[in-house]
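Asks: If you scroll down you'll find the structure; I have some questions about it.
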Amino acid sequence: MYQNVFFLLILSIVTGLCLHVFSSRRRHGKGIYQMAILLLNGSLFTMTCLFLLTGIDLTFEHLVIAVVFIESFVAVYCLILIGVVHDSPTLAIVKALMAAGPKGLSDQELDSFIKAHPFVGARLEALQTTGDVVVREGVISLTTRSQWIVRILSVYTRLLRIDRERG
Amino acid sequence: MTIFMAIVIILIIAAICDLLIARLSGKRLLGYMASFLITLIGLPLVLASVISPVDIYAIVVALGIALMWWFIYLNLAQAVESSLRIRMLREIDAEGGSVDIDKLKLIYNDDRLIRIRLKRLEDGGAVRLKDGRHHLNSGKLEKAAHFFTALKRLLLNRRSQFDV
């Protein structure tokens with residue numbers, strides 16, 4: 001029966017998430033993705049040991065399912081974290097409009113908002129940090145890895161007949 | 001093993017349906033909805049028919065795994081279609097793999113980026129332009145902004161990526 005796996009996963013996820021919130025706040029977001037992987041897997045390991053030590057029945061199949069579940073959860077959680085760490089331009093506009101309240105946002109205020117939110121620079125910096133582009137003497141180039149990424153994406157977009165949008 | 005097989009088969013069917021709907025109708029949202037419903041309804045039905053006796057916890061755990069992988073697929077598909085970083089990579093590729101950074105910044109600059117998105121929001125009715133001022137007109141977007149701001153405050157103790 002999978003009842004034990006279900007409770008093992010609930011306890012591991014709740015513990016892992018609480019520890020991750022605590023660690024992220026203390027470390028001001030430094031290593032936020034690595035800590036998510038470490039703490040959620042660490043929680044599963046600890047809870048599994050506690051279950052086995054207290055005599056709760058867990059088979060090898062149960063453990064495999066639990067590991068697959070936690071790794072899937074880590075992937076989903078990291079995808080959500082990307083949206084938390086990096087502001088989405090659309091949501092930033094929405095937040096600026098919310099902050100403006102009923103009087104709305106004038107074009108002048110919109111200009112100030114744009115100056116305070118260097119999205120393009122931040123994304124280019126992130127691409128350089130992850131090694132997807134290199135900048136040399138004012139020229140920006142793809143790396144071997146990003147060339148492969150773009151090739152794979154092109155197959156997908158051709159399959160779906162999606163036109164490349166700009167801007 | 002039965003559980004994994006069921007998850008993999010259902011996810012493959014869901015992804016194929018999404019791709020077919022997208023290719024034939026061009027409506028992405030319809031494809032996403034169909035693939036989500038296939039996963040949500042199809043997997044419990046398949047598992048209930050192959051697991052004997054029916055174990056509700058096994059179905060819940062399997063459904064959790066399948067829905068998480070559907071969410072991962074959705075995010076990857078969305079990133080290909082709308083991520084700013086992916087668009088910049090494809091722009092550089094279209095220029096032959098290298099481009100002058102000033103040329104790239106003519107297409108991808110903050111002013112253009114924000115104004116294109118604001119125009120899209122206005123075209124979709126989420127933002128209204130009245131007396132030269134932009135007003136928010138979408139409860140859904142307001143909720144999404146609240147959700148991500150709350151998570152950002154909880155995890156990073158700040159409201160924006162650009163907070164000093």
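The values are calculated or read from the model by the stated rules, or taken from the named source; none is laboratory data. Worth saying up front: this structure is predicted, and the values here are computed from it rather than measured. Note that we place each Cβ from the backbone using ideal geometry, even for glycine, and neighbour counts take in every protein chain shown. What goes into the accessible areas is simple: the full protein's heavy atoms, side chains included, and nothing from ligands, DNA or RNA. Shrake-Rupley method; radii C 1.70, N 1.55, O 1.52, S 1.80 Å.
Asks: Which of the residues that make up the range B:60-101 are in contact with a helix residue (DSSP H, G or I) (Cβ under 8 Å, 6 or more places away or on another chain), among the small types (Gly, Ala, Ser) and open to solvent by less than 50 Å² (accessible area, probe 1.4 Å)?
Replies: Passing the criteria: B:ALA62, B:GLY64, B:ALA66, B:ALA77, B:ALA79, B:GLY97.
Asks: Show the residue pairs that are 6+ apart or on different chains and have beta-carbon atoms under 7 Å apart, the first residue being within the range B:24-39 and at pLDDT below 85, the second being among the hydrophobic types (A, V, I, L, M, F, W, C).
Replies: Once the first residue is at pLDDT below 85 and sits in the range B:24-39, its partners that are among the hydrophobic types (A, V, I, L, M, F, W, C) give B:LYS27/B:ILE21; B:ARG28/B:ALA22.
Asks: Here is a follow-up. Against the condition more than 8 Å from chain A (Cβ to nearest Cβ) and either crowded, with 19+ Cβ neighbours inside 10 Å or assigned to a helix (DSSP H, G or I) (or both), how does B:TYR57 come out, does it pass?
Replies: no
Asks: Under the condition of being exposed (fewer than 11 other Cβ atoms within 10 Å of the Cβ) and part of a helix (DSSP H, G or I), which residue from the range A:126-144 is modelled with the highest pLDDT? Even if it seems obvious, please write down each step before you answer.
Replies: As a first pass, look at the range A:126-144 and keep what is exposed (fewer than 11 other Cβ atoms within 10 Å of the Cβ): A:129, A:136-138, A:144.
Then drop every residue that is not part of a helix (DSSP H, G or I), which leaves A:129, A:144.
Numbers: A:THR129: 90, A:THR144: 94.
Among residues in the range A:126-144 that are exposed (fewer than 11 other Cβ atoms within 10 Å of the Cβ) and part of a helix (DSSP H, G or I), the one modelled with the highest pLDDT is A:THR144.
Asks: Check the range B:137-148 and report whether any residue there is under 30 Å from B:ILE13 (Cα atoms), touching a helix residue (DSSP H, G or I) at 6+ places or on another chain (Cβ under 8 Å) and crowded, with 18+ Cβ neighbours inside 10 Å.
Replies: no
Asks: Does at least one position in the range A:38-54 carry a residue that is in contact with a Leu (Cβ under 8 Å, 6 or more places away or on another chain), on the phi > 0 side of the Ramachandran plot and exposed (fewer than 14 other Cβ atoms within 10 Å of the Cβ)?
Replies: Scanning the range A:38-54, I find no residue that is in contact with a Leu (Cβ under 8 Å, 6 or more places away or on another chain), on the phi > 0 side of the Ramachandran plot and exposed (fewer than 14 other Cβ atoms within 10 Å of the Cβ), so the answer is no.
Asks: Could you check the range A:1-105 for helices (runs of 4 or more DSSP H) lying wholly inside it with 2 or more residues that are under 13 Å from the mean Cα position of the chain (by Cα)?
Replies: Filter on the range A:1-105 gives A:32-53, A:60-85.
Each row is one residue, and each column tells you yes or no for (1) in contact with a Lys or Arg (Cβ under 7 Å, 6 or more places away or on another chain); (2) at the interface with chain B (Cβ under 8 Å from one of its Cβ atoms).
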site	(1), (2)
A:ALA96	no, no
A:GLY104	yes, yes
A:HIS117	no, yes
A:ALA122	no, yes
A:THR130	no, no
A:ILE140	no, yes
A:THR143	no, no
A:SER146	no, yes
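Asks: Another one. Please go through (1) within 7 Å of another protein chain (Cβ to nearest Cβ); (2) exposed (fewer than 15 other Cβ atoms within 10 Å of the Cβ); (3) within 30 Å of B:ILE59 (Cβ to Cβ) for A:PHE69 and return the number of the only condition it doesn't satisfy.
Replies: Evaluating A:PHE69 over (1) within 7 Å of another protein chain (Cβ to nearest Cβ); (2) exposed (fewer than 15 other Cβ atoms within 10 Å of the Cβ); (3) within 30 Å of B:ILE59 (Cβ to Cβ) leaves (2) as the failure.
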